[in-house]
Amino acid sequence: MTFPKIAVLTGAGVSKGSGIATYRDGADSLWNNYHPQDLATPEAFARDPKLVWEFYDWRRRMMAPAKPNAAHLTLAEMEAVLPDFTLVTQNIDGLHREAGNRNILYLHGDIWSVRCTECDYRAEDRRVPLPELPPTCPRCGALLRPDIVWFGEALDPATLYRAEQAFSQADIALVVGTSAVVYPAAFLPHYTREKGGRIIEFNMEKTPLSRYAAETLLGPAEETLPAWWEEFKKQLV
Ligand code: BV8
Ligand code: ZN
């Protein structure tokens with residue numbers, strides 16, 4: 001088999017093996033009994049920026065010690081081996097970059113990046129915990145916000161277009177550790193199927209995408225994805 005074009009969509013499940021809570025874990029994905037969806041909105045931030053920043057500072061503290069797991073490392077090896085490989089992530093934890101991937105499309109942003117609510121200041125800030133909540137812009141003094149996409153906010157159009165292109169042209173779409181319920185990200189694997197490609201899903205359970213997948217490999221992605229890749233590599237010329 002020549003080298004197939006592969007597009008990958010990852011969600012919080014790919015980082016579960018690194019100790020980062022997913023969004024639907026139940027108890028340990030809650031913070032002070034808030035659901036992420038309650039606080040990950042522009043309305044919540046406008047109403048109480050300090051509360052929203054306390055939530056993100058807590059998630060940054062939870063993510064800071066996390067290291068890439070075997071699923072992340074497998075995706076980095078795939079990028080090195082496959083000439084046409086695109087990694088699209090919904091995750092904001094930064095572990096794909098830490099694992100070695102470079103051609104990454106971040107659909108929902110990066111928790112380690114902050115941006116100003118007024119001017120065009122944007123910077124990486126990995127301080128944990130942040131010294132002041134809510135943080136203010138060093139340039140104009142206005143409120144800083146996490147550089148991520150909240151519910152009800154549009155994704156970057158160029159990033160979304162590149163992701164749609166990658167999945168439209170892919171022979172295989174790998175969908176790893178996502179509940180496939182948040183749009184427009186959840187649309188992406190369907191672009192592959194519509195063009196005659198196939199979807200392979202890696203999850204602990206069935207999702208709304210499973211009925212469209214050629215196969216759903218049940219189990220922890222940190223085990224199932226490396227095993228799949230070891231087998232798949234054998235057929236590459
Ligand atoms: C937009 C950053 C419009 C923030 C995130 C009604 C119907 C349809 C759509 C909507 C609707 N109402 C509103 C919408 C739109 C909304 C949406 O889709 N809502 C959903 C809830 C219905 N979408 C939006 O708002 C998007 N924007 O539509 O804008 C627009 C257009 C133009 C102009 C203006 C506006 C923006 C969505 C982005 C929100 N930001 N993240 C933050 O993190 O704080 S979303 C966040 O949750 C993630 O990024 C991810 O995308 C999403 C889902 O999480 P998952 O990654 O899938 O994680 P989850 O916990 O859900 O699942 C984990 C999975 O892994 C599980 O299946 C589990 O079984 C599995 N798993 C666990 N362990 C393992 C594992 N698998 C393998 N191995 C393991 N070890
Ligand atoms: Zn500013």
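The values are calculated or read from the model by the stated rules, or taken from the named source; none is laboratory data. These numbers were taken from a predicted model, which means no experiment stands behind them. Quick reminder, even Gly has a Cβ in these numbers, built from the backbone with ideal geometry, and neighbours come from all protein chains shown. The protein model used for the area step is the full one, side chains on, heavy atoms only, and it has no ligands, DNA or RNA in it. Shrake-Rupley method; radii C 1.70, N 1.55, O 1.52, S 1.80 Å.
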I'd like the carbon and sulfur percentage of the solvent accessible area for the stretch 166-225, probe radius 1.4 Å, heavy atoms only, ligands and nucleic acids excluded. 50
Just to confirm my numbers, what's the Cα centroid distance between the stretch 1-41 and the stretch 144-159 in Å? 17
Within-15-Å neighbourhood charge of Lys233 [Cβ basis; K, R +1; D, E -1]: -3
Gaussian network model of the chain, Cα within-10 Å springs - most flexible of Gly100, Gly141, Gly219: Gly141
Charge dipole (debye, nearest 20) of the stretch 141-201; +1 at Cβ of Lys and Arg, -1 at Cβ of Asp and Glu: 100
Cut-off under 15 Å on the C-alpha distance; same-chain residues fewer than 8 positions from Lys195 excluded. Which aspartates and glutamates are left, in chain and number order? Glu164, Asp171
Dipole size in debye (nearest 20) for the stretch 107-181 around its Cα centre, Lys and Arg Cβ +1, Asp and Glu Cβ -1? 180
Multiply the residue gap between Trp58 and Arg211 by 0.36 nm, knock off their C-alpha separation, and tell me the result in nm, one decimal place. 51.5 nm
Hey, what did the chain get for relative contact order, percent, Cα under 8 Å, at least 6 apart? 24
Quick one: compute the contact order of the stretch 69-125, relative version, from alpha carbon pairs under 8 angstrom and 6+ residues apart, as a percent. 28
Given charges at beta-carbon only (K, R positive; D, E negative), |dipole| of the stretch 1-126 in Debye: 180
Could you order peptides 71-81, 40-50 by the average number of other Cβ atoms within 10 Å of their residues, highest first? 71-81, 40-50
Per DSSP H run of at least 4 residues, take -39500 (n - 2.57); add these up for the chain, divide by its residues and hand me the 222 nm value, nearest 500 deg cm²/dmol. -9000 deg cm²/dmol
Looking at this model, which pairs from Lys67/Lys206; Lys5/Lys234; Lys16/Lys67; Lys206/Lys234; Lys16/Lys233 are more than 19 angstrom apart at the alpha-carbon? Lys67/Lys206; Lys206/Lys234; Lys16/Lys233
The stretch 154-237, relative contact order [Cα under 8 Å, separation at least 6], %: 24
Which loop-located GluC sites (Glu not before Pro) does the stretch 83-158 contain, where loop means any DSSP state but H, G, I, E or B and the Cβ has at most 16 other Cβ atoms within 10 Å? Glu118, Glu132, Glu153
Please compute the per residue accessible area over the stretch 1-79 with all protein chains in place, 1.4 Å probe, rounded to a whole number of Å². 44
Between Leu236 and Arg127, what is the spin-label point distance in nm, taking each point 7 Å from the Cα along the Cα→C-beta axis? 4.2
Lys/Arg Cβ at +1, Asp/Glu Cβ at -1, dipole of the stretch 116-224 taken about the Cα centre: which of Ile200, Gly177, Ala142 is farthest positive-ward? Ile200
Segment Thr2-Leu30, extension gain: residue separation times 0.36 nm, minus the distance between their alpha carbons: 5.5 nm
Using a 1.4 Å probe on the protein heavy atoms, what percent of the accessible area of the stretch 69-138 belongs to carbon and sulfur? 46
